[in-house]
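The structure appears right after this line, and notes come after that.
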Amino acid sequence: MTAETTRGTTALLELAGLDVRFDTPDGEVHAVRGIDLALKSGETLAVVGESGSGKSQAMMAAMGLLAKNGRAGGSVRYRGREILGLSSRALDEVRGAKIAMIFQEPMTSLDPLYTIGSQLAEPLVRHKRLSGRAARTRAVELLTLVGIPEPERRLRAYPHELSGGQRQRVMIAMALAAEPEVLIADEPTTALDVTVQAQIIELLRSLQRRFGMGIVFITHDLGLARHFADRVAVMRYGKVVEEGPAGEVLTRPAHDYTRMLLAAEPTGTKPPPPGDAPVVLEARGVDVTFQIGGGLFAGPSLEIHAVDKVSLTLRQGQTIGIVGESGSGKSTLGRALIRLVDARGDISLFGHSTGLIDAAGLRALRRQAQIVFQDPYGSLSPRMTVGEIIAEGLRVHEPGLDARARERAVIAALEDVTLDPALRNRYPHEFSGGQRQRIAIARALILKPRVLVLDEPTSALDRSVQKGIVELLRRLQKEHGLSYLFISHDLSVVRALSDWIMVMRHGQLVEAGPTEEVYRAPAADYTRALIAAAYGLDGTAPDARMA
């Protein structure tokens, strides 16, 4: 049965007067303020807004997945049945089988102790009653559908052995396994490069047409919302400020806030540093391989060549943008350059070969070369307050600082990333995805490093906050002479922040050069395909978007 034949007037999922509150050490937080939303069969409803607008918490409440300090009121109905307040056992008959959710941060949703194959098979066995062999066959089909290469091999991999984008695609496959009627997709393409974004959107469309599935698409990317959604609801401060057909809301917005969101886009270009600027990082022939599987019962191990003889030179005040599809090796390269993963080749930080110094010397160098990870929630301890997390590096590298001095440094770091220092006594789960990313940036900046490896630092942020973070990074770079390795799949952000760009594919360097030269006249077919996908995804001509 198709979406066209099932679409009707009765809502599959209906939120009425939904209200969400959290108890925190600083008082009650009113996250969602009595919103009304409805989703029909075969329809895609995009819920858009800035980080902290309440869009994700509204859907977490609908699924009965709020944190322990959260409570929800109002009504959530699935096919007319009230599900808000049901017991976990009763909800489990709905969740997964009838309503499924793709979460924003895949690493925290995948069990690190189980293989991808085991985790994909679980919903197939539970909800579809498949045998183990049939579940494995279906798991391979699902990984193929979401664009994972060599799916049979990947079944044996663990989550940490996949790239961020690949983990997100596994989450999508798991959500679709039981063929639910309602799919809540919370930033499902955040960690994906632009070419795979387009593939995932088309995949969701085809499944929607086949099963009449309703989709709630939570996103900060208005281009994707315009491209994919039938209707759009714009949220701010826990309220729906505008709702209507996507074509109307995103071309003729009635609310000032919606107009502001549409106008937000990282802009400008970065001039290169002086030609005689000192070299802070130099790498020659960096090579990284990983072994997957192996052992007495797992069969022979498999070798993956993640980075294949890549070289670069980073100068003081320079930003090198490293782009490529998920699994291209760009994040692995960034980790290898500061010795977070083992690598072959020659790597020199601040004139010191990292292969020739001891652990103590490497620790001293790492204070000057910090990293901001792609998955902020996975890198922030849930047992520590934000203030304790940000101050942790000072405890290691400046043990002589007293508590008052650390507190002043934490406040300054939070102000640098435009977060209210009064929030420092809260825990990571009490923040939105974008706010957690800013916390991760503050934790790295507090040590005043000379080199910062930024691994998708804006991937979880809405456009208006991305613009602010780009401006923040520019200011910090100018004031302190910082050097950045900026790893991203978002070509518009890379263009605004980088003066040199490296394009990677399958672990190899495809193309490198001054950013504007590469964007305006790419030499490699692959680079041209990336730029066309990035600037043409919402139907706008690349030249018009890049002018």
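Key figures
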{"read-out": "Residue that is among the polar types (S, T, N, Q) and closer than 26 Å to E243 by Cα, where the choices are S75, S87, S118", "value": "S75"}
{"read-out": "Residue in region 94-112 that is under 20 Å from V182 (Cβ atoms), touching a strand residue (DSSP E or B) at 6+ places or on another chain (Cβ under 6 Å) and among the basic types (K, R) present", "value": "no"}
{"read-out": "Test: residue in region 393-408 that is in a helix (DSSP H, G or I), in contact with a Lys or Arg (Cβ under 6 Å, 6 or more places away or on another chain) and either β-branched (V, I, T) or at pLDDT 90 or above (or both)", "value": "yes"}
{"read-out": "Some residue of region 327-347 being without any contact (Cβ under 8 Å) to a residue 60 or more places away in the chain, closer than 30 Å to A403 by Cβ and surrounded by 22 or more Cβ atoms within 10 Å (Cβ to Cβ)", "value": "no"}
{"read-out": "Scope region 192-229; condition under 23 Å from R528 (Cβ atoms) and in contact with a Gly (Cβ under 8 Å, 6 or more places away or on another chain); matching residues", "value": "L192, D193, V196, Q199, I200, H227"}
{"read-out": "Meets criteria (free of Cβ contacts under 8 Å to residues at least 24 places away in the same chain, in the same structural domain as M174 (by TED's automatic domain parsing) and among the basic types (K, R)) for R89", "value": "no"}
{"read-out": "Considering residues of region 519-539 that are modelled with pLDDT of 85 or more and within 21 Å of the chain's Cα centre (by Cα) only, the residue nearest to T189 (Cα to Cα)", "value": "L530"}
{"read-out": "Elements of type helices (runs of 4 or more DSSP H) in region 229-346, at least 1 residues being outside the structural domain of E471 (by TED's automatic domain parsing) and modelled with pLDDT under 90", "value": "256-263"}
{"read-out": "In region 488-503, the residues that are modelled with pLDDT of 95 or more and not polar (S, T, N, Q)", "value": "D499, W500, I501, M502, V503"}
{"read-out": "Single match in R426, R383 (criterion: in contact with a strand residue (DSSP E or B) (Cβ under 6 Å, 6 or more places away or on another chain) and within 17 Å of P25 (Cα to Cα))", "value": "R426"}
{"read-out": "Within region 92-115, tally of residues that are within 19 Å of the chain's Cα centre (by Cα) and assigned to a helix (DSSP H, G or I)", "value": "3"}
{"read-out": "So A185, is it in contact with a Ser or Thr (Cβ under 6 Å, 6 or more places away or on another chain), buried (at least 24 other Cβ atoms within 10 Å of the Cβ) and small (G, A, S)", "value": "no"}
{"read-out": "From A185, A157, A173, residue being modelled with pLDDT of 90 or more and not in a strand (DSSP E or B)", "value": "A157"}
{"read-out": "Count of region 192-229 residues which are among the polar types (S, T, N, Q), more than 20 Å from L39 (Cβ to Cβ) and in contact (Cβ under 8 Å) with a residue 60 or more places away in the chain", "value": "2"}
{"read-out": "Among the residues listed as R236, R259, the single one being farther than 30 Å from R344 by Cα, in contact with an Asp or Glu (Cβ under 9 Å, 6 or more places away or on another chain) and among the charged types (D, E, K, R)", "value": "R236"}
{"read-out": "Considering residues of region 218-228 that are outside any helix (DSSP H, G or I) and in contact with an Asp or Glu (Cβ under 7 Å, 6 or more places away or on another chain) only, the residue modelled with the highest pLDDT", "value": "I218"}
{"read-out": "Candidates L485, L530, filtered to the one that is out of contact with any Cys (no Cβ under 9 Å at 6 or more places or on another chain), assigned by TED's automatic domain parsing to the domain that holds K448, surrounded by 15 or more Cβ atoms within 10 Å (Cβ to Cβ) and assigned to a helix (DSSP H, G or I)", "value": "L530"}
{"read-out": "Exclusive hit being crowded, with 24+ Cβ neighbours inside 10 Å, without any contact (Cβ under 8 Å) to a residue 40 or more places away in the chain and either within 24 Å of the chain's Cα centre (by Cα) or over 30 Å from R126 (Cβ atoms) (or both), set V232, V241, V249", "value": "V249"}
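Residues are listed down the side, and each one gets a yes or a no for (1) over 20 Å from V451 (Cβ atoms); (2) surrounded by fewer than 13 Cβ atoms within 10 Å (Cβ to Cβ):
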| site | (1), (2) |
| --- | --- |
| G378 | yes, no |
| M384 | yes, no |
| E388 | yes, no |
| E392 | no, no |
| R395 | yes, yes |
| L414 | yes, no |
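The values are calculated or read from the model by the stated rules, or taken from the named source; none is laboratory data. None of these values were measured; they are calculated from a predicted model. Please note: Cβ atoms are built from the backbone with ideal geometry, for glycine as well, and neighbour counts cover all protein chains shown.
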